[in-house]
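The structure appears right after this line, and notes come after that.
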């Protein structure tokens, strides 16, 4: 089996990070690590600023703080030694690792902030999977140097996902890809595959640093390096014989491990986490639905849904033959989606099926009455509303609202979505007091950020943006009023 694994993985590369022997910054520029950093930062800025105003965000978040603490080599080595006491990795403190650490704590502080913020979404899940497979917890940092914790990151060579699987390797590890999905971008499935792959690599070399080198360059290249080294069996002895790009892989891993452990000592403040792993839940769909349908039904942004469901390539959740595909969202939104599941499929039909069907004109005779198709809007029930007030608002009757929604009683609840005949409008005297009563505002305090205010009021950043379309989220001031309901 081991020979088979060696044959299969010869020549496969899951990422490449070159490590220089001369000036670190000059030689590292243009390598995969820098590409990953820049791609991850661009995606972060784009998510925070739909209008592309990146400079104001960078300035407001102080990604490149002027206060950059520096330490002696002895302090760095002492910290690495302390980390070694709790780790099966050999985090050696040498000239190469020290240069790599100093480069990233001084020159890539913004990337560290973004990664620390995104770690709230993935690290708990990583640790669960690693523990299940009996693997070192420190391997969670591997995804940092592979993808910057961005499932959508794709290398020029075609490696994709949090763990940067190439297509053939992903298929070999059981990750499915078709026209609609790519499981290399599924955080949980890809993490499970990465755990199995890393476990098999460690079984080959019995040395975690060599296993990391094989993850990067493939076992074939590592085996060649071992032979050229005179059959040495440790990474640092074999390192000079590895491909140049792989020589920097373990130092980058050590630097990432150090940085995410000692970020506070370097005055690096994690970026706001919009959602954490423990705040998520899933619902599997029984029919194919577009993400746009889910977004309209729940009144949230498509980008927010796509960010939490990167597995779907075309913003469409298909129906599998022998499996169900699921959607991941914050727990409250999943609760709403479960309640409104029937409405979800009806809305999908209205938005994507019905509109694409050819119009069939009914044939009539003197003894038949032409049939007409009634179109519907959807009304989200607000606090204080009754079926009577809703029916009045849309110029219909309670009985009719009950009929088209299949209601056997007049009981409704806040957040419920009801079908109503399209074209119905509310009178100003009816709706204005309701909308005014529903509004709620928060006064900005010292230290508040837009993300923190959203989290405090159990809103996503996109939801808070919709409530405050004229607010500059990167320029909040103390005493400013922010609408939160």
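Values for this structure:
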quantity	calculated
Filtered residue count, the stretch 289-309, keeping only those that are part of a loop (DSSP other than H, G, I, E, B) and surrounded by fewer than 22 Cβ atoms within 10 Å (Cβ to Cβ)	3
Residue in the stretch 133-152 that is in contact with a strand residue (DSSP E or B) (Cβ under 6 Å, 6 or more places away or on another chain) and within 13 Å of residue 194 (Cα to Cα) present	no
Pair list, Cβ under 8 Å, 6 or more apart: the stretch 53-82 residue outside any helix (DSSP H, G or I), other residue modelled with pLDDT of 85 or more and loosely packed, with under 15 Cβ neighbours inside 10 Å	65/267; 67/267; 68/106; 68/267; 69/265; 69/267; 70/106; 71/265
Residues located in the stretch 157-202, provided they are touching a strand residue (DSSP E or B) at 6+ places or on another chain (Cβ under 8 Å), surrounded by 20 or more Cβ atoms within 10 Å (Cβ to Cβ) and free of Cβ contacts under 8 Å to residues at least 24 places away in the same chain	170, 175
Test result for residue 435, more than 23 Å from the chain's Cα centre (by Cα) and modelled with pLDDT of 75 or more	no
Residue list for the stretch 287-339, restricted to those being over 19 Å from residue 275 (Cα atoms) and without any contact (Cβ under 8 Å) to a residue 12 or more places away in the chain	320, 321, 322, 323
Single residue of the stretch 235-253 satisfying the filter (surrounded by fewer than 17 Cβ atoms within 10 Å (Cβ to Cβ) and touching a residue at least 40 places away in the same chain (Cβ under 8 Å)) that is nearest to residue 137 (Cα to Cα)	236
Filtered residues of the stretch 254-276 (kept if crowded, with 18+ Cβ neighbours inside 10 Å and assigned to a helix (DSSP H, G or I))	254, 255, 256, 257, 258, 259, 260, 266
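Residues are listed down the side, and each one gets a yes or a no for (1) farther than 22 Å from residue 81 by Cα; (2) crowded, with 24+ Cβ neighbours inside 10 Å; (3) touching a helix residue (DSSP H, G or I) at 6+ places or on another chain (Cβ under 7 Å); (4) modelled with pLDDT of 95 or more:
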site: 99; (1), (2), (3), (4): no, no, yes, yes
site: 124; (1), (2), (3), (4): yes, no, yes, yes
site: 134; (1), (2), (3), (4): yes, no, no, yes
site: 142; (1), (2), (3), (4): no, yes, yes, yes
site: 147; (1), (2), (3), (4): yes, yes, yes, yes
site: 155; (1), (2), (3), (4): yes, no, yes, no
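The values are calculated or read from the model by the stated rules, or taken from the named source; none is laboratory data. Just so we're clear, the structure is a prediction, and the values are computed from it rather than from any experiment. FYI the Cβ positions are ideal-geometry reconstructions off the backbone, even for glycines, and counts take in every protein chain you see.
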